[in-house]
Amino acid sequence: MSRPGEPRTLASPEASTPPPSSAAARPAPSVSARRAHLIIAGLAVFMVLAAGVSLMLGRYPIEPAQALAMLANQIPGVTLEPTWTSQQATLFFNVRLPRIMLALMVGCCLATAGAAFQGTFQNPLVSPDILGASQGAAFGAAIAILAGQAAFGVSVSAFGFSILTVMLVLLVSSRAKGNRILVTVLAGTMISSLFSAGVSFTKLVADPTDDLPAITYWLMGSLTGAKMSDIAVAAIPMTVGMAVLFALRWRINILTMGDDEASTMGIDARRLRLAIILAATMATASSVAISGMIGWVGLVVPHLCRMMVGSDYRRLIPASMLFGASFLLVVDNIARLTATSEIPIGILTAFVGAPFFLYLITRKKKV
Amino acid sequence: MSIEITSLSFSYGQREVLRDVNVSIPDGTLVNVLGPNGVGKSTLFRCILGLNARYEGVIRVNGKDMRTLSVKQRAREISYIPQSHAPVYDYEVLDVVLMSTGADLGMMRSPGPRHVERAYAALERVGIAHLAHRTYTQISGGEQQLVLIARAIAQEARTIIMDEPTSALDYGNTVRVLSCVRQLAREGLSIVQSTHQPDQAFLYSDKTLVIDAGTVRAYGDPRDVITRELVSALYGVDVEVNSLYGDKVRVCVPVKEIAR
């Protein structure tokens, strides 16, 4: 990827000096690596600041001082004189805080899973639902809505079907002949469209006054109505998935060189790919199950991060985690603050994501 | 013995690709593998590397039966240098070299300063330490091939397999890559490389292995193996083999062009 106007590697002092003698065998610290670490630190600071500011933003007025006092009051052993009304406290802890936490978690999961899949499938145009996680979840949610389940039941059904779909894709692709990556992606696309047809069918038979709008809204994706208890449940698979991807991040580099090369370097490519797929799917499935279909984050954020910190997954994964979280939080703030009736976040991310995607594929031959 | 192959046979389905191959390659030997396209050179390499597992016969590398080793253990015995190709993403040269240092790491670990030093030392050994922080996709094809050689060195296996390392390189880069390989073999590594240039074998090999129709046609000192008869029959063109510089070098020349 040649970036005009950014000769970071060429400008490094090591590049211009003649090769050092073998006596001076000292790896010089990479300029771009140091820069990337600074950027990651900056992203972390930005995420914390964005979360703090978001807590104070909302249509119902809560003063920054009140928000801070309410938060401080939660610390064990601290009891403050309430400067806030109980209504404000309810809104703050039951609506605003869960929503912000969910935005951070879902953004982190989708972006990181997307980055991991783009490496695993050696394809920069892949998103976390390439193996059918989203369409499976949508089908699960739709039939749960038809069955009259409440929000929690819908989420559980969506999660279950999401995992099931990906398992089905893996099973089919393990029996298929040919290039492993290609058949996996093909099986994912096919089974995805199968479940997508299933969703259309549930819409067809759904009660148009009640169930149909519910399914339609679910499909648009939204972070509203998240309860602290639901978030706590979803946090478990999300954390496991993120932890595994973080631990395996360096190995994703090797996987991008192809299975044969990885294997001659001592990496069991099939096993590693399976571990990455399972971890990324757990995170994606729980995100989709609790927030519906939020597209584009998983595709676009990894590319933005690659431009900032480079392609090395040791830095790309943490950057995607932090930037994905901040990105979805900011977009969700726009969703809940700008229009009088809230725009579903799935639509907003598409408004941001699709033009960016088009820009990416037209900018140069290789992304 | 670096590589010891005993009665190796391999088939893709019904099609027999390798038949009863027997070869012994001593330590510290540079071996050139010759043979027309599609005679089974790559298949032989894939079997040795453990990428084709369903072969018959026994392949021992450094005395160890490759069939009994795990992926990780195999990587400690033998490394592979593919033809340079563009990876999907941009990595720094040092990061590319670093990829091969993971064979001794736990599944969840990333390389540390020790591995970085190993990678850097490998780059120095092939003389391209100054490229360490350049972007791999932005350096020349010859430099990329040298990076892949450094990557194989950093893996610290005693045996290296190279698949047509110079087929996409210009003359200067070809010479640079081959003399680097020659030097590494002198330093004690065993290197097996395939090539389409029979001439190269005289300067850049200790032994020449000729594969034809899935079997070993000839194996030994290049001076004995690369003869007018063999090269003419192998590639289906009449050539003459001539000696230069007091027989330090020999060249193969198509007869048709010098006949008049």
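The values are calculated or read from the model by the stated rules, or taken from the named source; none is laboratory data. Worth saying up front: this structure is predicted, and the values here are computed from it rather than measured. Cβ placement follows ideal geometry from the backbone for every residue including glycine, while neighbour counts extend to all protein chains displayed.
Of all residues being of a type in the set (A, V, I, L, M) and farther than 17 Å from B:Pro222 by Cβ in segment B:175-202, which is surrounded by the fewest Cβ atoms within 10 Å (Cβ to Cβ)? Just the residue, please. So the residue we want is B:Val175. Just one of the listed residues (A:Leu299, A:Leu219, A:Leu304) is surrounded by fewer than 23 Cβ atoms within 10 Å (Cβ to Cβ), away from chain B (no Cβ under 14 Å), in contact with a Gly (Cβ under 8 Å, 6 or more places away or on another chain) and touching a residue at least 12 places away in the same chain (Cβ under 8 Å), and it is A:Leu219. Checked against (1) closer than 13 Å to A:Glu261 by Cα; (2) facing chain A (nearest Cβ under 8 Å); (3) buried (at least 24 other Cβ atoms within 10 Å of the Cβ), B:Leu94 meets all criteria but (1).
Against the definition (more than 24 Å from the chain's Cα centre (by Cα), crowded, with 19+ Cβ neighbours inside 10 Å and part of a helix (DSSP H, G or I)), how does A:Ser200 come out, yes or no?
When the stated conditions are applied, A:Ser200 does not pass them.
Residue by residue, here is whether (1) in a loop (DSSP other than H, G, I, E, B); (2) in contact with a helix residue (DSSP H, G or I) (Cβ under 8 Å, 6 or more places away or on another chain) holds:
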| site | (1), (2) |
| --- | --- |
| B:Ile160 | no, yes |
| B:Ser179 | no, yes |
| B:Gly188 | yes, no |
| B:Leu230 | no, no |
| B:Val253 | no, no |
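Residues that are among the hydrophobic types (A, V, I, L, M, F, W, C) and facing another protein chain (nearest Cβ under 10 Å) within segment B:49-77 comprise B:Leu49, B:Leu51, B:Val71, B:Ala75, listed in sequence order. Yes or no: segment A:229-247 includes at least one residue that is without any contact (Cβ under 8 Å) to a residue 60 or more places away in the chain, within 14 Å of chain B (Cβ to nearest Cβ) and crowded, with 17+ Cβ neighbours inside 10 Å. Yes, some residue in segment A:229-247 is without any contact (Cβ under 8 Å) to a residue 60 or more places away in the chain, within 14 Å of chain B (Cβ to nearest Cβ) and crowded, with 17+ Cβ neighbours inside 10 Å. In the set (1) at pLDDT below 90; (2) buried (at least 24 other Cβ atoms within 10 Å of the Cβ); (3) under 27 Å from A:Arg34 (Cα atoms), A:Ala226 fails one condition alone, (3). Restricting attention to segment A:331-357, the residues being at pLDDT below 80 and either part of a helix (DSSP H, G or I) or under 20 Å from the mean Cα position of the chain (by Cα) (or both) number 5. Taking the listed residues A:Thr264, A:Thr284, A:Thr256, the one that is within 9 Å of another protein chain (Cβ to nearest Cβ) and in contact (Cβ under 8 Å) with a residue 40 or more places away in the chain is A:Thr256, with no other qualifying. Of the residues examined, B:Gly172 is not one that is surrounded by fewer than 17 Cβ atoms within 10 Å (Cβ to Cβ), closer than 30 Å to B:Pro222 by Cβ and within 14 Å of another protein chain (Cβ to nearest Cβ).
As a summary of the residue check, B:Gly102 satisfies the conditions (1) within 7 Å of chain A (Cβ to nearest Cβ); (2) over 26 Å from A:Thr120 (Cβ atoms); (3) buried (at least 18 other Cβ atoms within 10 Å of the Cβ) except for the one numbered (2). Condition (residue is β-branched (Val, Ile, Thr), free of Cβ contacts under 8 Å to residues at least 24 places away in the same chain and at negative phi) applied to segment A:143-166: is it met by at least one residue? No; the residues of segment A:143-166 include none that is β-branched (Val, Ile, Thr), free of Cβ contacts under 8 Å to residues at least 24 places away in the same chain and at negative phi. Scanning segment A:131-169 for residues that are crowded, with 17+ Cβ neighbours inside 10 Å and in a loop (DSSP other than H, G, I, E, B) turns up A:Leu131, A:Gly132. Return yes when B:Tyr80 is on the phi < 0 side of the Ramachandran plot, more than 20 Å from the chain's Cα centre (by Cα), of a type in the set (Ser, Thr, Tyr) and at the interface with another protein chain (Cβ under 10 Å from one of its Cβ atoms) and no when it is not. Here the answer is no, as B:Tyr80 does not meet what is asked. Residues that are out of contact with any strand residue (DSSP E or B) (no Cβ under 8 Å at 6 or more places or on another chain) and either surrounded by fewer than 17 Cβ atoms within 10 Å (Cβ to Cβ) or at the interface with chain A (Cβ under 9 Å from one of its Cβ atoms) (or both) within segment B:154-169 comprise B:Glu156, B:Ser167, B:Ala168, listed in sequence order.
Taking helices (runs of 4 or more DSSP H) as the structural unit, those lying wholly within segment A:36-120 and holding at least 2 residues that are modelled with pLDDT under 85 and farther than 29 Å from A:Met242 by Cα correspond to A:64-74. Of the residues contained in segment B:240-249, none is found to be within 27 Å of B:Pro82 (Cα to Cα) and over 15 Å from the mean Cα position of the chain (by Cα).
The residues of segment B:112-153 that are surrounded by fewer than 22 Cβ atoms within 10 Å (Cβ to Cβ), within 7 Å of chain A (Cβ to nearest Cβ) and in a loop (DSSP other than H, G, I, E, B), listed by number, are B:Gly127, B:Arg134.
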